[in-house]
Amino acid sequence: MKRTLGVCYYPEHWPESQWEEDAARMAALGLTWVRIGEFAWSYMEPQAGTYYFDWLHRAVETLGKAGLKVVLGTPTATPPRWMLDRYPDMLALDAQGRPRGFGSRRHYCFSHEGYRDECTKIVTALAEQFGKNPHVAAWQTDNEYACHNTVLSYSDAATEAFRTWLAQKYQSPDALNRAWGNIFWSMEYSDFDQIALPNLTVTEPNPSHVMDFRRFSSDQVVSFNRLQTKIIRKYSDAPIAHNYMGRITDFDHFDVGADLDIASWDSYPLGFLSDRLEASPEHKRRFVRQGDPDLQAFHHDLYRAVGRGRWWIMEQQPGPVNWAPDNPDPLPGMARLWAWEAFAHGAEAVCYFRWRQAPFAQEQMHAGLLRPDSVAAPAHDEAAQVARELAEMPDQDTATARVGLLFDYPSAWAWQTQPQGRDFDYFRLVFHVYKGLRRLGLNVDVLPPNTADLSAYSLVLAPGVATLSDAFLGALATYKGQAIIGPRSNAKTATFATPVPLPPNLPGMKATVMRVESLPPDVPVPLEQGGALLHWREKIETTDHVVEVAEDGFPALIAAEGLHYLGGWPDDVALDRILLAACHRAGLETDPLPEGLRRRDSATHRFLFNYNSVPVEWAGVTIPPAGVHWSKLD
């Protein structure tokens, strides 16, 4: 598969006389793709029903004449001011009932029908104008669904839509009352119109109510995205993408991805290290200019799954960003390393954000490939180096991994709804397991929750999945490899009740989680073999084989042939031991790596990535700081 580079560009921000020079410089740099348009609604439709696309045609033509391909974004993340005058109730409300107002972006409620109608009109007009344009080679819907906490809306529009959603799902208030357990605290409803959104209650709302609201809110994102893809496909055969984000679980990306051709994501390693990662101060200091060694890779593997094999980076950090608590300058070489790591994980394209740093408005402190004065910034030359290296590297495909790791967005909602402990976070748990696998030098495939065939994998892991799907349970029943399920897996029914028989209720396993406890940070549960359980621990009754035991005598890891259940959140010491043993049983070759050095195999090459600020010697090779080394596989 051909790997290419691109950039994000905003022609409406710059004099038209500058466009041709910009396009020529992009092409000379070795770029292929240019994303435009996703924030330009006010320039496309300055007044309701008055469309102005001449400038956009000229921009697309200018880029196309330079040999560049255009990714055209729908502008629905930035509704113009006239729309708020027309629909003053289109704004989302936060959980405290406050409007998410005009003056930035994403100021809309997914449930507002008037706003959806306006989106239908602008997307239709855009697709009619550019659907057959030979230079528009891909599309992007909206921009970063969920950014700025904008999936959950507590507006009147959301309330009405939620009631309709519930009526369709449950058919009667009595059925809903039974499913939610509303007999508790006299919470029964006699009419769907009585049901409000689960906010502003005296104490915590019914968790079943909350979970259905989360499912509804995710479905609203799915239907909003589908509205756009259906229109675009009427007028264009070009593939359609959406740019997801890092560590965002507010909606089900697999469901949105079902209507797309490509999954893309916006990769900001330094911003995520500062803003979205639980890690020690020492870890953050060590990787402050490089980013966490595993967080980017996890999202590469996740979005490869969401895109069913096709995925891009639509925005790659090139320098300091503007939005994190701290915004350091990347270590020289990191803009190259991040791109090559994405390609090693199967990315079709890596697009840097942005071409020229903006000298105005909210993102003027966000670096680009050029400074505001059009002088090349450091990442410009690193992108040029990657482009040269790509031209010399033969096309390649991703390698088939032998390790599968299940990821389930509703489980993130479940454990936010009822965490039972301040440190229990679903993403954090799954990422902890992923990091352990990466430390062993393993390729990993992220698996959707409804995966029905596990035969391609020697080792499968499913940590923290609140409700295991029937498809996955059926696959487990016939699976011949090694599987590690848990902790806290299969612990809730589809209506968010505690199931009976009690969890984990896995095929062929005789085990019962009799009690659970969440642990303060300074109260670990030591294991007899070394290491400890942190954050979460389960006390298990079983007649199956006990593999790991806590010092108080309760089983921590049990096995029924190749199927294992892990009854707690292991620290690094325990996790490394458990994973090494599982790999040994599965016949998987491991390669424990030094801190900050990571490995990824493609179908033809082995890549080593040094996230350290000092050189690392490994297998007879010295990899410089922020260095990339590759060699052809035998």
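The values are calculated or read from the model by the stated rules, or taken from the named source; none is laboratory data. All values derive from a computational prediction rather than experimental measurement. Cβ atoms come from the backbone with ideal geometry, glycine included; neighbour counts cover every protein chain shown.
For the stretch 220-257, how many residues meet the condition of being surrounded by 20 or more Cβ atoms within 10 Å (Cβ to Cβ), among the aliphatic types (A, V, I, L, M) and in a helix (DSSP H, G or I)?
Number of matching residues: 5.
For His107, all conditions in the list (1) in contact with an Asp or Glu (Cβ under 9 Å, 6 or more places away or on another chain); (2) crowded, with 19+ Cβ neighbours inside 10 Å hold save one; what is the number of the exception?
The number of the failed condition is (1).
Please specify each residue of the stretch 600-621 satisfying the condition of being more than 18 Å from Gly333 (Cβ to Cβ) and surrounded by 15 or more Cβ atoms within 10 Å (Cβ to Cβ). Quick ask: steps written out before the conclusion?
Restricting attention to the stretch 600-621, the residues satisfying the condition of being more than 18 Å from Gly333 (Cβ to Cβ) are 601-606, 619-620.
Of everything in the stretch 600-621, those that are more than 18 Å from Gly333 (Cβ to Cβ) and surrounded by 15 or more Cβ atoms within 10 Å (Cβ to Cβ) turn out to be Asp601, Ser602, His605, Arg606.
Yes/no per residue for (1) in contact with a strand residue (DSSP E or B) (Cβ under 7 Å, 6 or more places away or on another chain); (2) in a loop (DSSP other than H, G, I, E, B); (3) surrounded by fewer than 24 Cβ atoms within 10 Å (Cβ to Cβ):
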{"residue": "Trp265", "(1), (2), (3)": "yes, no, no"}
{"residue": "Lys284", "(1), (2), (3)": "no, no, yes"}
{"residue": "Gln290", "(1), (2), (3)": "no, yes, no"}
{"residue": "His299", "(1), (2), (3)": "yes, no, no"}
{"residue": "Ala305", "(1), (2), (3)": "yes, no, yes"}
{"residue": "Asn322", "(1), (2), (3)": "no, yes, yes"}
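Taking the conditions exactly as written (in contact with a helix residue (DSSP H, G or I) (Cβ under 7 Å, 6 or more places away or on another chain), of a type in the set (Asp, Glu) and either part of a helix (DSSP H, G or I) or not assigned by TED's automatic domain parsing to the domain that holds Leu331 (or both)), does Asp453 satisfy them or not?
On the way: in contact with a helix residue (DSSP H, G or I) (Cβ under 7 Å, 6 or more places away or on another chain): yes; of a type in the set (Asp, Glu): yes; either part of a helix (DSSP H, G or I) or not assigned by TED's automatic domain parsing to the domain that holds Leu331 (or both): yes.
Criteria met by Asp453.
Go through the stretch 508-550 and give me each residue that's charged (D, E, K, R) and surrounded by 13 or more Cβ atoms within 10 Å (Cβ to Cβ).
Taking the stretch 508-550 first, the residues charged (D, E, K, R) are 510, 515, 517, 522, 528, 537-539, 541, 544, 548.
Hits for the stretch 508-550 are Glu517, Arg537, Glu538, Lys539, Glu541, Asp544, Glu548.
Say we look at the stretch 206-219 and pick out the residues that are within 17 Å of Asp252 (Cα to Cα) and of a type in the set (Gly, Ala, Ser); which of these is surrounded by the most Cβ atoms within 10 Å (Cβ to Cβ)? Can you show your working first?
Here is the first cut: in the stretch 206-219, the ones within 17 Å of Asp252 (Cα to Cα) are 210-219.
Restricting the remaining residues to those that are of a type in the set (Gly, Ala, Ser) gives 217-218.
Details: Ser217: 23, Ser218: 25.
The extreme case among them is Ser218.
Is there any pair linking a residue in the stretch 77-95 that is over 20 Å from Ser217 (Cα atoms) to one that is among the polar types (S, T, N, Q) and not in a loop (DSSP other than H, G, I, E, B), with Cβ under 6 Å and at least six apart or on different chains, and which?
From residues that are over 20 Å from Ser217 (Cα atoms), the pairs are Pro80/Ser42.
Please count how many residues of the stretch 367-400 are of a type in the set (Asp, Glu) and assigned to a helix (DSSP H, G or I).
Looking only at the stretch 367-400, we keep the residues that are of a type in the set (Asp, Glu), and these are 373, 381-382, 389, 392, 395, 397.
Subsequent filtering for residues that are assigned to a helix (DSSP H, G or I) retains 381-382, 389, 392.
Counting residues in the stretch 367-400 that are of a type in the set (Asp, Glu) and assigned to a helix (DSSP H, G or I) gives 4.
Any idea which of (1) modelled with pLDDT of 95 or more; (2) closer than 27 Å to Lys284 by Cβ; (3) assigned to a loop (DSSP other than H, G, I, E, B) is the one Pro521 doesn't satisfy?
(1)
Just for the stretch 553-569: of the residues that are within 16 Å of Ser518 (Cα to Cα) and free of Cβ contacts under 8 Å to residues at least 40 places away in the same chain, which one is surrounded by the most Cβ atoms within 10 Å (Cβ to Cβ)?
Step one: of the stretch 553-569, the residues within 16 Å of Ser518 (Cα to Cα) are 554, 556, 566-569.
Filter once more, keeping what is free of Cβ contacts under 8 Å to residues at least 40 places away in the same chain: 554, 556.
Working: Phe554: 20, Ala556: 29.
Checking each candidate, the answer is Ala556.
Check whether at least one residue in the stretch 148-155 is in a helix (DSSP H, G or I) and among the aliphatic types (A, V, I, L, M), and report yes or no. Show your work before the answer.
If we filter the stretch 148-155 for residues that are in a helix (DSSP H, G or I), which is where we start, we get none.
Taking every residue of the stretch 148-155 in turn, none turns out to be in a helix (DSSP H, G or I) and among the aliphatic types (A, V, I, L, M).
Assess whether Gly404 counts as being small (Gly, Ala, Ser), part of a strand (DSSP E or B) and within 21 Å of the chain's Cα centre (by Cα).
The answer is yes for Gly404.
Identify, please: which residue in the stretch 18-61 is β-branched (Val, Ile, Thr) and either in contact (Cβ under 8 Å) with a residue 12 or more places away in the chain or more than 22 Å from Tyr115 (Cα to Cα) (or both) and is, among those, surrounded by the most Cβ atoms within 10 Å (Cβ to Cβ)?
It comes out as Val34.
Just name the residue that is nearest to the chain's Cα centre (by Cα) out of those in the stretch 524-552 that are part of a strand (DSSP E or B) and of a type in the set (Gly, Ala, Ser). Walk me through it before giving the result.
Within the stretch 524-552, the first condition is being part of a strand (DSSP E or B), and the residues that meet it are 525-527, 532-542, 545-550.
If we keep only those that are of a type in the set (Gly, Ala, Ser) too, we end up with 532, 550.
Details: Ala532: 29, Ala550: 34 Å.
My answer is Ala532.
Of all residues in the stretch 1-49, count the ones that are more than 30 Å from Arg81 (Cα to Cα) and either aliphatic (A, V, I, L, M) or touching an Asp or Glu at 6+ places or on another chain (Cβ under 9 Å) (or both).
Number of matching residues: 12.
Give the stretch 599-634 a look and list any residue that's assigned to a loop (DSSP other than H, G, I, E, B) and farther than 21 Å from Leu295 by Cβ, or say none. Steps first, answer last, please.
As a first pass, look at the stretch 599-634 and keep what is assigned to a loop (DSSP other than H, G, I, E, B): 603-604, 611-615, 619-620, 624-627, 633-634.
Correct list: Ala603, Thr604, Pro615, Ala619, Gly620, Pro624, Leu633, Asp634.
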